[in-house]
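The next block holds one structure in the form of structure tokens; read it before the comments.
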Amino acid sequence: MSTENNNGKLVAIIAMMFLFAMISFVTNMAAPFGNIWGFTYEWAGMMGNMMNFAAYLFMGIPAGIMITKIGYKKTALVALALGFVGICVQYMSSIYGADTEVFGGIMKMNFLIYLCGAFICGFCVCILNTVVNPMLNLLGGGGNKGNQYIQIGGTLNSLSGTLTPMLVGVLIGTLTKDTSMSDVSPLLFIAMAIFALSFVVIYFTKIVEPEQAEGNMVEMIQGALKYRHLILGIIAIFFYVGVEIGLPGELNFYISKMPFEGAATVAGSICALYWLLMLVGRFTSSFISGKISTRTQIVTVSSVALVFIAIAILMPESVTMNLMGGEVPVKCLFIILCGLCTSVMWGGIFNLATEGLGKYTAAASGLFMTMVVGGGIMPLIQDTVAKSVGYIQSYWIVFAMVAYILFYGLVGSRVSNKD
């Protein structure tokens, strides 16, 4: 390969990893913002997150089509533009419509504006995910090397995810009925600036585009669905995103409601620790993925996660410790330790699910991203259950989802079509 091609490949890798960080930055605003709206509407805690991930259901396949029609770079630029618009709309919810009721008084206009902004941001992160994951996998040549590139990008993703809840927690401080989106407007301005800068950087970056398969997208999707390991992998990613978001999301609500001053700040810091552990896990995986198979990593981390979750559920709440400045149950520590386990699941599942798909990879990526809607549906189900049986008991749902991921690593990920 020529020096020019090597340089082009390196630039493409760096650009994709930067976009990977953007995905987490946008996604991880939803849960701490939900704490703000939870004071206005009891049912609103996970609604922003739900809207964020509901967009995947509508945008996953169209994003795959966009890649085949206009390429990875232009598709990424569309995503960044949508992200800027989505953040602007969320900011508008802090200055407009607080006194205007809609739908017969069920909600206020400012909350509806916020949900619209979260939905638009969902389009952004869905498209970015559809661009970043297959391109890093392809740039790595698939297999263990492709997974290694995804894990390196995931490290930056986790770094971004670590900073977001910390920033929101610091801006909010102690949650009260008077806390509003205007309290986090500095973060929204930062987000707008980052999106604008990212657009300019990607626009002027020369990215070598992988070859696109010719053919009708419907035919490509039909071809991809002939692979059983892809179908089971799509289900696995549906559950995985529910696990990734549900673990810190419900913990954030649990700790924020504890009776000590600055509980929201402590909750944000502890959830940031979860994302920090994901960073550590992905960083470690980025070194070992070239030598240890993706399947082995998935089986190992899902087994350990099942143990951690079981301990967190069964341990008495009376056993406490001082963590990040607050006296919280020790079981919280085992929930955040799951970040080490979830760290490698996304890249690992994607890598296993797209193994051997060849020309069907772009179509498979679109299908894959459609089912990321699980990150909105499953945490919402978990939050509903939590209101009935308690925050910690709701983690049995997470336990069941991780059990399926273990099944996928052991059995479901075996390549079923060698065409």
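The values are calculated or read from the model by the stated rules, or taken from the named source; none is laboratory data. All values reported here derive from a predicted model rather than from experimental measurement. Please note: Cβ atoms are built from the backbone with ideal geometry, for glycine as well, and neighbour counts cover all protein chains shown. Remember, those area values only see protein heavy atoms, side chains included, never the ligands or the DNA or RNA. Shrake-Rupley method; radii C 1.70, N 1.55, O 1.52, S 1.80 Å.
Among the residues that make up region 108-118, is at least one of them aliphatic (A, V, I, L, M), open to solvent by less than 50 Å² (accessible area, probe 1.4 Å) and modelled with pLDDT of 90 or more? No: zero hits.
If the condition is being open to solvent by 10 Å² or more (accessible area, probe 1.4 Å), of a type outside the set (Val, Ile, Thr), under 27 Å from Thr300 (Cβ atoms) and modelled with pLDDT of 90 or more, then region 360-392 contributes only Met378.
Residues that are open to solvent by less than 10 Å² (accessible area, probe 1.4 Å) and either among the β-branched types (Val, Ile, Thr) or in contact with an Asp or Glu (Cβ under 6 Å, 6 or more places away or on another chain) (or both) were ranked within region 395-414; the one that is farthest from Arg295 (Cα to Cα) is Val398. When every residue of region 319-332 is checked against the conditions, at least one turns out to be among the charged types (D, E, K, R) and buried (at least 17 other Cβ atoms within 10 Å of the Cβ). Screening Met258, Met217, Met278 for residues that are surrounded by fewer than 24 Cβ atoms within 10 Å (Cβ to Cβ), among the hydrophobic types (A, V, I, L, M, F, W, C) and either closer than 24 Å to Val411 by Cβ or touching a helix residue (DSSP H, G or I) at 6+ places or on another chain (Cβ under 6 Å) (or both) leaves exactly one candidate, Met217. If I filter region 290-306 down to residues being open to solvent by 60 Å² or more (accessible area, probe 1.4 Å) and more than 12 Å from Leu406 (Cα to Cα), which single residue comes out as farthest from the chain's Cα centre (by Cα)? Restricting to residues being open to solvent by 60 Å² or more (accessible area, probe 1.4 Å) and more than 12 Å from Leu406 (Cα to Cα), the top hit is Lys291. Scanning region 11-68 for residues that are open to solvent by 10 Å² or more (accessible area, probe 1.4 Å), β-branched (Val, Ile, Thr) and over 26 Å from Ala272 (Cβ atoms) yields Val11, Ile13, Ile61, Ile65, Thr68.
Determine which member of the set Val125, Val131 is at pLDDT 80 or above and over 19 Å from Ser93 (Cβ atoms). Val131 is the lone residue from the list that is at pLDDT 80 or above and over 19 Å from Ser93 (Cβ atoms). Among Met107, Met92, Met50, Met46, which is the only one that is touching a residue at least 24 places away in the same chain (Cβ under 8 Å), over 24 Å from Ile245 (Cα atoms) and touching a helix residue (DSSP H, G or I) at 6+ places or on another chain (Cβ under 6 Å)? One residue alone meets the criteria, Met92.
If I filter region 344-351 for residues that are farther than 24 Å from Tyr391 by Cβ and open to solvent by 20 Å² or more (accessible area, probe 1.4 Å), do I get at least one hit? No, region 344-351 has no match at all. Would it be correct to say that Ile194 is part of a loop (DSSP other than H, G, I, E, B) and modelled with pLDDT under 85? Considered against the rule, which asks whether it is part of a loop (DSSP other than H, G, I, E, B) and modelled with pLDDT under 85, Ile194 comes out as no. In this structure, Asn216 does not satisfy being of a type outside the set (Ser, Thr, Tyr) and either modelled with pLDDT of 75 or more or within 22 Å of Phe25 (Cα to Cα) (or both). Screening Val168 on (1) more than 19 Å from the chain's Cα centre (by Cα); (2) hydrophobic (A, V, I, L, M, F, W, C); (3) modelled with pLDDT under 75 shows it passes everything except condition (1). Leu175 satisfies every condition listed in (1) farther than 16 Å from Trp275 by Cα; (2) surrounded by 16 or more Cβ atoms within 10 Å (Cβ to Cβ); (3) modelled with pLDDT of 70 or more; (4) of a type in the set (A, V, I, L, M) except (3).
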